[in-house]
């Protein structure tokens, strides 16, 4: 296998063990060899398998599916945590501090990213790995940048399948980072157990820049950079958010979203956030909501994928491509109702 | 035409003028006669046309489409207002007071409802017309109960096309009532210019019973029953909501949602609500947002209808019906990923 095949070399090679996989670097490992490597907790095998998942080559997709099927029975024993927040809120610093706290507790932490706006050339949100200098060197951590992909659906599939592989490779805490400015939070929310919104204390519109609806998805709001002169403002922001969250209806889980402050750069409040997540997990598992939510998420992704493909087939149809703009214009000119227009387009498609 | 054909007699017959249509009550009017009647602002013709729109008979659907196409150039010159709130909040009393205020100002008011949970037998939210005793007798008002329909999509289509007919029949203010407990608010929000959430003052969780996300859709929150002992509590609630809304990001329109109180039963604050809506309309029209939003809504309904039909065709397919449950079980048993399962089902469908 050469890089020309669309399979880049593993992004992270900080695994010190000399494995069969590494010796065969130039030779393409079989899917079984990759699965064996993953189940032996080998990071190189994991990276190679993820690269297959991320590939757009149909042959690789087939192999990726085989690997995932074999890994699935060994997955799921983890906590999946989504972390969002606008650029500048300190996500990388937070994840570095949070991840280090977890590895010190003996946890094995995988950090992934969902950022459909990024591409290899534009750079992804986790692309600059120097932003997590210490975590990247940690033997118990695994950091993977955002896969490139044209559609959010594509990126979401890749990330979700990467979670499976990471879990099979022994990672018990999966952190998924996303930028809180697009559609990607909904996707991430639908693949994690706990969704954390990072915020900064600021005057006036606290939610400025955050997409509508995100606050309702959050299981916790953490006000970062609560240090130095900022401590007082962070505490005021915490009070305001607590008051606002109180106005929202309770979540299906019965979990009342929490608001807390932290200073990722000084390591303050990080342990309390982890304790809060453990508390959530305890409640969710005791009440059966944890299992239920994961099952619902599986179903969501099945239906979501079908929905996306059906639409994609329709809108890629040459006749539809040709007629859609004209039909839309006819609607805007009040010559036909949107419903009658839809009927006409569907009739063209089905002929 | 007999009632056996699935066309019920018009629900509202408080039109005093003796028209050609009424004389031909037993004879089925042609689509052109119905269109002429609608454009002459005849309520009986309007009711009959709506009944065609609501029918599930394909012949009626064809006729309905013809009528809508001919009415479309005469529609759109109206204000469309959505009103939601949980049962008990006083929606009917509010609409009665609000509608009477508008007809006194010379407005022509149509009141429709979206309630997909209702059916003819279960009774619809506007079915009990005695709840709007005065408005129902008002020559400048037209009240139509929720159409029955199995799917929200079906009900939404019927309501949206009924709006077109009402506008062509000279109604300049369209009020659409919905119960704030299901998916229907999103549908109503996507067919109105202004979305009003009715609330009651209460201790603790102000949004109890309101579906998540509704508060973000509201252009105004009106705290009803601000009378007697309730005035003080209503004012406190208003302050709390104002504070909470301040935390939300600004709407695309730049409109900052308003919070106000009223007593529908005493007629207090109703005029101020209408003034607020006029203020909104002025801003929205000056800034071009009004037109833009209606165009976006047209596009939304085209894409939404296509999406629904594509899914409906897929899930009604006999092979898919047979395989879906088993495939879902395979996913829940961790034998296949949701994405690979979707691929398999789509391959079956396309064969």
Between B:265, B:336, B:277, which is touching a strand residue (DSSP E or B) at 6+ places or on another chain (Cβ under 6 Å) and modelled with pLDDT of 90 or more? B:277
Residue by residue through the stretch B:241-255, note down the ones that are touching a helix residue (DSSP H, G or I) at 6+ places or on another chain (Cβ under 8 Å) and at pLDDT 80 or above. B:243, B:255
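Before we move on, is residue A:296 within 11 Å of another protein chain (Cβ to nearest Cβ), under 26 Å from residue A:152 (Cβ atoms) and surrounded by fewer than 17 Cβ atoms within 10 Å (Cβ to Cβ)? Spell out how you get there, then give the answer.
On the way: within 11 Å of another protein chain (Cβ to nearest Cβ): yes; under 26 Å from residue A:152 (Cβ atoms): yes; surrounded by fewer than 17 Cβ atoms within 10 Å (Cβ to Cβ): yes.
Criteria met by residue A:296.
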Quick one: which residue in B:279, B:252 is in a helix (DSSP H, G or I), assigned by TED's automatic domain parsing to the domain that holds residue B:89 and over 21 Å from the mean Cα position of the chain (by Cα)? B:279
Residue under question is residue B:296, and the condition is that it be in contact (Cβ under 8 Å) with a residue 12 or more places away in the chain, outside any loop (DSSP other than H, G, I, E, B) and closer than 23 Å to residue A:343 by Cα; does it hold? no
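Hey, can you tell me all the residues within the stretch B:215-237 that are assigned to a loop (DSSP other than H, G, I, E, B) and within 14 Å of another protein chain (Cβ to nearest Cβ)? Explain how you work it out, then say what you get.
Filtering the stretch B:215-237 for residues assigned to a loop (DSSP other than H, G, I, E, B) gives B:218-219, B:225-229.
Listed by number, the residues that qualify are B:218, B:219.
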Step by step: first the residues of the stretch A:330-346, then only those that are within 38 Å of the chain's Cα centre (by Cα) and closer than 19 Å to residue A:318 by Cα, then the one that is nearest to the other protein chains (Cβ to nearest Cβ). Which residue is that? A:342
Which one is modelled with the lowest pLDDT among residues in the stretch A:55-110 that are surrounded by 17 or more Cβ atoms within 10 Å (Cβ to Cβ) and in a loop (DSSP other than H, G, I, E, B)? A:86
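For the stretch A:66-95, which residues satisfy the criterion of being within 14 Å of another protein chain (Cβ to nearest Cβ) and closer than 20 Å to residue A:294 by Cβ? I'd like the intermediate steps shown before the answer.
To start, the set of residues in the stretch A:66-95 that are within 14 Å of another protein chain (Cβ to nearest Cβ) comprises A:66-78, A:86.
Hits for the stretch A:66-95 are A:68, A:69, A:70, A:71, A:72, A:73, A:74, A:75, A:76, A:77, A:78.
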Residue A:271 exposed (fewer than 13 other Cβ atoms within 10 Å of the Cβ), out of contact with any strand residue (DSSP E or B) (no Cβ under 6 Å at 6 or more places or on another chain) and in the same structural domain as residue A:95 (by TED's automatic domain parsing): no
Among the residues of the stretch A:317-351, what is the count of those that are in contact (Cβ under 8 Å) with a residue 24 or more places away in the chain and not in a helix (DSSP H, G or I)? 1
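Pick from the stretch A:161-190 the residues that are assigned to a loop (DSSP other than H, G, I, E, B) and at pLDDT below 95: which of them is surrounded by the most Cβ atoms within 10 Å (Cβ to Cβ)? Let's see the steps before the verdict.
Of all residues in the stretch A:161-190, those assigned to a loop (DSSP other than H, G, I, E, B) come to A:169-172, A:180-183, A:190.
With at pLDDT below 95 added as a condition, the list becomes A:180-183, A:190.
Numbers: A:180: 22, A:181: 17, A:182: 15, A:183: 13, A:190: 18.
Looking at residues that are assigned to a loop (DSSP other than H, G, I, E, B) and at pLDDT below 95, I get A:180.
Would you say residue B:307 is at positive phi, within 13 Å of chain A (Cβ to nearest Cβ) and without any contact (Cβ under 8 Å) to a residue 12 or more places away in the chain?
The answer is no for residue B:307.
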The correct count of residues that are under 15 Å from residue B:226 (Cβ atoms) and at the interface with another protein chain (Cβ under 8 Å from one of its Cβ atoms) in the stretch B:238-273 is 2
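The values are calculated or read from the model by the stated rules, or taken from the named source; none is laboratory data. Just so it is clear, the model here is predicted, and its values are computed rather than measured. Note that each Cβ is placed from the backbone with ideal geometry, even for glycine, and that neighbours are counted across all protein chains shown.
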